[in-house]
Amino acid sequence: GESVGLHLPTLSVQEGDNSIINCAYSNSASDYFIWYKQESGKGPQFIIDIRSNMDKRQGQRVTVLLNKTVKHLSLQIAATQPGDSAVYFCAENKNYGQNFVFGPGTRLSVLP
Amino acid sequence: DSGVTQTPKHLITATGQRVTLRCSPRSGDLSVYWYQQSLDQGLQFLIHYYNGEERAKGNILERFSAQQFPDLHSELNLSSLELGDSALYFCASTIGTGRTEQYFGPGTRLTVT
């Protein structure tokens with residue numbers, strides 16, 4: 001079944017290309033920024049987080065960039081695979097684990 | 001499989017009724033978070049419990065309440081249900097309060113008719 005709204009921004013990329021998913025956040029006092037992946041019919045799955053005093057963090061095939069000047073967060077996925085097709089959410093965390101505020105989500109569609 | 005379980009998977013009920021959604025966190029996790037995911041509002045944080053105590057409230061309506069029991073499972077009670085309460089309800093758990101890596105359950109789909 002569907003897990004998110006029907007009117008999400010969609011990013012379509014060719015398999016093997018790099019993907020960049022963007023997110024604007026609102027609260028400059030947030031402590032952490034987090035990226036989640038949600039596949040159809042499942043709950044969100046943690047991908048990577050970044051502390052507010054950092055500007056870049058790398059994981060396995062993923063990189064998160066934080067630009068506090070323009071309150072912008074991005075998730076880069078290298079060599080995008082069909083299994084990466086999902087909705088991606090950014091989230092802000094305030095009060096170190098107490099409150100989480102999620103963005104509207106972006107649907108990533110990987111083309112063969 | 002995240003290790004977080006939620007029951008029931010689906011729930012269909014009528015307006016004005018009351019339902020209880022249940023969540024069992026991952027073994028060892030003390031924090032439970034509840035979220036509502038609807039088509040028009042995305043994922044909304046409702047409430048957070050840590051080791052039985054309420055720690056934070058988000059956009060939770062007064063008709064909704066939650067609790068976390070001594071065995072750490074949590075229940076979300078929704079009363080006087082309205083059509084607009086139809087949504088997916090997720091719980092997530094973490095080991096403590098200062099962690100961002102939440103583990104989400106599969107969700108309960110509530111349909112109010």
Discussion item. Quick check: the distance between the Cα centres of the stretch B:1-61 and the stretch A:37-112, to the nearest angstrom?
Written reply: 22 Å
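Taking the solvent-accessible surface of protein heavy atoms with a 1.4 Å probe, what is the per residue accessible area of the stretch B:34-113 in Å²?
Values: 3380 Å² over 80 residues.
Solvent-accessible surface per residue comes out at 42 Å².
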Worksheet, complete the sentence: As straight-line cross-link partners of A:Lys71, the qualifying lysines (C-alpha separation under 26 Å, not fewer than 8 residues apart within one chain) are A:Lys37, A:Lys56, A:Lys94, B:Lys57
Worksheet item: Which of the GluC sites (Glu not before Pro) across the stretch B:1-67 are loop residues per DSSP, with 13 or fewer other Cβ within 10 Å?
Response: B:Glu62
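What are the semi-axes of the equivalent ellipsoid of the protein assembly as shown, taken as the square roots of 5 times the eigenvalues of the Cα gyration tensor, listed largest first and rounded to whole Å?
Working: eigenvalues 168, 83, 48 Å².
For the protein assembly as shown, the ellipsoid semi-axes come out as 29, 20, 16 Å.
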Response to the item:
In a Gaussian network model of chain B with springs linking alpha carbons closer than 10 Å, the residue among B:Asp29, B:Asp40, B:Asp71 that fluctuates most is B:Asp40
Discussion item. Give me the inter-chain shielding for B:89-101: mean count of other chain Cβ atoms within 10 Å, whole number please.
Written reply: 4
Fill in: Kirkwood hydrodynamic radius of chain B, Cα pairs, Å
13.8 Å
Practice prompt. State the answer as a single residue: which of A:Leu111, B:Gly107, A:Ser74 lies farthest towards the positive end of the charge dipole of the protein assembly as shown, with beta carbon charges of +1 for Lys and Arg and -1 for Asp and Glu, about the Cα centre.
Written response: A:Ser74
Worksheet item: Which value, in debye to the nearest 20, gives the size of the charge dipole of chain A about its Cα centre, when Lys and Arg are +1 and Asp and Glu are -1 at the Cβ?
Response: 280 debye
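Going through the stretch B:3-88, which trypsin sites (Lys or Arg not before Pro) have at most 10 other Cβ atoms within 10 Å and a DSSP loop state?
Here the trypsin sites (Lys or Arg not before Pro) that fit, given the DSSP loop and packing criteria, are B:Lys9.
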Discussion item. Residues of the stretch B:14-58 that become at least 40 Å² less accessible with every protein chain present than in their own chain isolated, using 1.4 Å: which are they?
Written reply: B:Gln37, B:Leu39, B:Leu43, B:Phe45
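If r is the Cβ-Cβ distance from A:Ala24 to B:Glu101 and R0 is 30 Å, what FRET efficiency results, to the nearest 0.05? Could the numbers behind the result be given before it?
Working: r = 23 Å, r/R0 = 0.76.
Plugging the Cβ-Cβ distance into 1/(1 + (r/R0)^6) gives 0.85.
Work out how much length A:Gln14 to A:Asn53 would gain on full extension: take 0.36 nm times their residue separation and subtract the Cα-Cα distance, in nm to one decimal.
On the way: separation 39, 0.36 × 39 = 14.04 nm, distance 3.33 nm.
Going from the current span to full extension adds 10.7 nm.
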Item to complete: Return the single residue from B:Leu39, B:Leu72, B:Leu81 with maximal mean-square fluctuation; model: Gaussian network over chain B, springs between Cα atoms under 10 Å.
Response: B:Leu39
Worksheet item: Based on Cα positions only, what radius of gyration and what Dmax would you give for chain A, in angstroms?
Response: 13.6, 42
Practice prompt. Give, in nm to one decimal, the length gained when the segment between B:Arg22 and B:Glu82 is fully stretched (0.36 nm per residue of separation minus the Cα-Cα distance).
Written response: 19.6 nm
Worksheet entry | Accessible area buried, both sides summed, chains B and A with 1.4 Å probe, Å² | 1700 Å²
Worksheet item: Within the stretch A:45-66, what residues put their amide N at less than 19 Å from the label point 7 Å along the Cα-to-Cβ vector of A:Ala78?
Response: A:47-50, A:55-66
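The values are calculated or read from the model by the stated rules, or taken from the named source; none is laboratory data. Quick caveat: nothing in here was measured; it's all calculated off a predicted structure. For neighbour counting, all protein chains shown are included, and Cβ atoms are generated from backbone atoms with ideal geometry for every residue, glycine included. Heads up: the accessible areas ignore ligands, DNA and RNA and are worked out on the full protein's heavy atoms, side chains in. Shrake-Rupley method; radii C 1.70, N 1.55, O 1.52, S 1.80 Å.
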